[in-house]
Amino acid sequence: MKTSKTMLTAAFIAYSSMTAAQAQTAKDLVGAWMLVSNTSVMADGTKNLNPTLKGMAMFDANGNFILLNARSDLPKFQSNSRLTGTAEENKAVVGGSLSYWGTFTVENHDINFKIEGGSWAAWNGTVQKRIILSLTADELTYNLPASSNGGSNVNVYKRIK
């Protein structure tokens, strides 16, 4: 009897952890989220934690989203004009920031972003998939299998209350 209860408890815990990773509908994502962790995994397997990357994602009930990421250590342009940055300043900003917006859907373990526009033009007009690794009321973790940096990313967000 004790073994049966133990097995039943273990099965319930396993089932609960599997269902926590599933967003049932897009409503599960509605709200504002703050990026708390970003780890890049390059093609050679090298992992890089990006501690200076800050970001925010917002999802509304009509299926619209916006996502903004920027490194906290981006350079201030000496000219004080974003239109006349040096090659070095421009390279740092392009490599250290990413923004995009559009509409989203949730299917099974995936968030599908239909990107209407953003700072990385190669994604405009495409559908980008994010694989949900875990989702609770307060935390979202997803994998971006084909990142704009050439590898993959795992992002962790905390819900803003």
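Brief remarks on what is shown
- From least to most packed, judged by other beta carbons within 10 angstrom and beginning with the fewest, ASP73, ASP28 follow the order ASP73, ASP28.
- Violating pairs (Cα-Cα greater than 27 angstrom) within the set LYS27/LYS158; LYS76/LYS161; LYS114/LYS158; LYS91/LYS158: LYS76/LYS161; LYS91/LYS158
- Gyration tensor verdict on segment 50-128 (Cα atoms; rounded if a/c is under 1.5, prolate if a/b is larger than b/c, oblate otherwise): prolate
- Stretching ASP73 away from VAL94 to a fully extended chain increases their span by 6.3 nm, per 0.36 nm per residue minus the current alpha-carbon distance.
- Packing-based ranking of 124-137, 76-89 yields 124-137, 76-89, ordered from highest to lowest mean Cβ neighbour count within 10 Å.
Only the coordinates and a few stated rules stand behind these numbers; no lab work does. What you see is a predicted model; the values in this text were computed from it and never measured. Heads up, the Cβs are rebuilt from the backbone with ideal geometry, glycines too, and the neighbour counts pull from every protein chain shown.
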